[in-house]
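The values are calculated or read from the model by the stated rules, or taken from the named source; none is laboratory data. All values reported here derive from a predicted model rather than from experimental measurement. Cβ placement follows ideal geometry from the backbone for every residue including glycine, while neighbour counts extend to all protein chains displayed. Keep in mind that these areas ignore ligands, DNA and RNA; they rest on the heavy atoms of the full protein, side chains included. Shrake-Rupley method; radii C 1.70, N 1.55, O 1.52, S 1.80 Å.
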Amino acid sequence: MNLYNIKDNSEQVSFAQAVRQGLGREQGLFFPEQLEPLADVDALLDLPLAERSARIISHLLGDEVPAAKVSELINAAFTFPAPLVKLKDGTYALELFHGPTLAFKDFGGRFMAQCLAAFRTVSAEKSDKITILTATSGDTGAAVAHAFFGLEGIEVVILYPKGKISPLQEKLFCTLGGNIRTIAIDGDFDACQALVKQAFDDEALKKAIGLNSANSINISRLLAQVCYYFEAVAQLPKADRAKAVISVPSGNFGNLTAGLIAKALGLPVKRFIAATNANDTVPRYLKTGQWEPHQTVATLSNAMDVSRPNNWPRVEELCRRKGWALETLGSGMRDDVQTRAALKRLHQLDYLCEPHGAIAWDLLGEQLAEDEVGVFLCTAHPAKFKESVDEILHLDVPLPGPLAKHAELPLLSVNLPAEFARLRAFLVG
């Protein structure tokens with residue numbers, strides 16, 4: 001598989017190198033040079049999730065990784081289902097929270113961990129030390145931490161905005177210890193993300209600690225996410241597949257990018273909706289043509305509290321290559337008042353959701369035509385947002401096993417200001 005740097009097309013790398021490197025020169029994102037449509041998508045949709053996913057990934061990687069090895073990686077990573085649940089209003093919820101950290105990030109995080117472990121090389125000329133540095137607005141941290149926990153030779157450092165993720169999200173990845181170190185940054189997610197970018201611009205630091213990133217900027221995570229869009233469509237009635245409209249809760253826009261790649265591979269999806277909260281840089285951009293990020297604001301849907309989405313250049317690159325007008329993307333935003341109301345209406349339909357999924361469902365209902373079939377992504381288990389869900393719906397949501405276990409453990413995070421010098425000293429120390 002050949003990939004190129006969107007910012008500097010002369011930088012071209014293999015899949016294995018892109019996984020190990022994370023970002024390209026000038027903080028550029030890697031993107032596949034070839035996205036050839038799959039043969040016989042209908043037959044693929046009849047296969048089980050893991051088998052189908054291995055074939056999709058093998059198609060993308062070409063002859064770089066043997067098919068048997070791809071199957072091994074997928075079978076180790078995708079050990080949980082992604083059921084499609086039909087609601088009383090006729091729309092479908094794709095539940096992506098049945099993995100070990102109860103969030104959609106488990107798909108990408110676990111596949112990346114398997115890839116990185118497989119691609120590690122040891123030589124006299126190059127140190128095999130790897131330090132994963134990533135920023136999280138909530139769910140990425142837990143997925144990455146649990147996927148890499150205990151892997152020999154890999155250190156993980158996770159930055160998150162202090163006080164701006166749910167307490168249970170924090171507990172799930174800040175209580176592990178071992179090779180997982182967590183830092184609460186005095187600032188918002190964009191400040192955390194900026195620190196990660198500064199670290200990748202520091203060549204001496206990159207070399208010294210073997211720097212890599214596990215954000216959705218890493219191509220392995222992105223390709224893994226492509227697979228659950230096929231799983232969603234596979235569970236729809238065959239007559240409805242080409243009429244499917246998928247609403248995607250969007251923060252850093254890796255999830256939407258993966259959906260668009262699935263469409264480029266031939267998945268029969270009619271269109272997508274980019275659903276955001278009050279941090280609505282993209283919906284405003286699609287409406288006005290002006291890229292004007294505002295200061296990030298804290299919301300109930302904290303995993304989407306991103307004003308400068310890292311993956312948006314990939315969306316634009318894919319649309320440019322495919323000749324798709326950006327205006328064909330549906331989009332919209334919901335503030336916290338609207339999110340609360342959506343959660344209540346969903347509960348009246350006997351479906352328990354959380355803020356991110358509720359936003360996607362609400363915008364889907366607003367934009368779905370009569371002859372279309374709607375799917376919205378449920379990216380996290382409601383219990384991960386127990387405080388807000390309990391308060392809004394007057395419930396006492398029980399904690400699933402993984403959350404109940406970590407809720408009782410002490411936090412192991414350190415606190416740092418949003419200053420690169422302090423972060424650098426922590427990393428090299």
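For Leu352, state whether it is within 25 Å of the chain's Cα centre (by Cα), at pLDDT below 95 and in a loop (DSSP other than H, G, I, E, B). Here the answer is no, as Leu352 does not meet what is asked. Of all the numbered requirements in (1) more than 30 Å from Val156 (Cβ to Cβ); (2) more than 23 Å from the chain's Cα centre (by Cα); (3) not in a loop (DSSP other than H, G, I, E, B), Ala369 misses one, and that requirement is (3). Annotation: of all residues in region 141-153 being at pLDDT 90 or above and in contact with a helix residue (DSSP H, G or I) (Cβ under 6 Å, 6 or more places away or on another chain), the one that is nearest to Phe78 (Cα to Cα) is Ala147. Looking only at region 385-398, decide whether some residue is at pLDDT below 95 and under 20 Å from the mean Cα position of the chain (by Cα). Within region 385-398 (the criterion being at pLDDT below 95 and under 20 Å from the mean Cα position of the chain (by Cα)), the answer is yes, since at least one residue qualifies. Checking the stated criteria, Thr257 turns out to be under 29 Å from Leu116 (Cα atoms) and crowded, with 24+ Cβ neighbours inside 10 Å.
Here Asp362 meets the list (1) open to solvent by 20 Å² or more (accessible area, probe 1.4 Å); (2) without any contact (Cβ under 8 Å) to a residue 24 or more places away in the chain; (3) assigned to a helix (DSSP H, G or I); (4) under 30 Å from Asp89 (Cβ atoms) almost entirely, failing just condition (2).
Out of curiosity, is Gly266 assigned to a loop (DSSP other than H, G, I, E, B), closer than 18 Å to Pro37 by Cβ and at pLDDT 95 or above? Answer is yes for this residue.
Among residues of region 264-311 being in contact with a helix residue (DSSP H, G or I) (Cβ under 7 Å, 6 or more places away or on another chain) and among the aromatic types (Phe, Trp, Tyr), the one that is surrounded by the fewest Cβ atoms within 10 Å (Cβ to Cβ) is Trp291. Tallying residues that are more than 23 Å from Val269 (Cβ to Cβ) and either open to solvent by less than 70 Å² (accessible area, probe 1.4 Å) or modelled with pLDDT under 95 (or both) within region 322-337 yields 2. Every listed requirement among (1) open to solvent by 10 Å² or more (accessible area, probe 1.4 Å); (2) assigned to a strand (DSSP E or B) is met by Glu317 save one, (2). Among the residues making up region 52-83, those that are in contact (Cβ under 8 Å) with a residue 60 or more places away in the chain, part of a helix (DSSP H, G or I) and open to solvent by 10 Å² or more (accessible area, probe 1.4 Å) are His59, Leu60. Inside region 15-27, residues that are open to solvent by 40 Å² or more (accessible area, probe 1.4 Å) and touching a residue at least 12 places away in the same chain (Cβ under 8 Å) make up a count of 5. When Glu33, Glu11 are screened for being open to solvent by 60 Å² or more (accessible area, probe 1.4 Å), out of contact with any Leu (no Cβ under 6 Å at 6 or more places or on another chain) and of a type in the set (D, E, K, R), only Glu33 passes. How many residues, within region 141-175, are open to solvent by less than 10 Å² (accessible area, probe 1.4 Å) and either of a type outside the set (Gly, Ala, Ser) or not in a helix (DSSP H, G or I) (or both)? Number of matching residues: 13. When restricted to residues that are in a helix (DSSP H, G or I), more than 19 Å from the chain's Cα centre (by Cα) and over 21 Å from Asn215 (Cα atoms), region 1-49 contains 5.
Scanning region 418-429 for residues that are surrounded by fewer than 13 Cβ atoms within 10 Å (Cβ to Cβ) and under 26 Å from the mean Cα position of the chain (by Cα) yields a total of 0. So is Lys207 open to solvent by 30 Å² or more (accessible area, probe 1.4 Å), under 18 Å from Gly429 (Cβ atoms) and either among the basic types (Lys, Arg) or part of a strand (DSSP E or B) (or both) or not? Taking the combined requirement at face value, the residue satisfies it.
Residues in region 386-417 that are more than 30 Å from Gln338 (Cβ to Cβ), among the hydrophobic types (A, V, I, L, M, F, W, C) and crowded, with 18+ Cβ neighbours inside 10 Å: 1 in all. Scanning region 235-254 for residues that are more than 21 Å from Ala380 (Cα to Cα), small (Gly, Ala, Ser) and either surrounded by 21 or more Cβ atoms within 10 Å (Cβ to Cβ) or touching a residue at least 60 places away in the same chain (Cβ under 8 Å) (or both) returns a single hit, Ala244.
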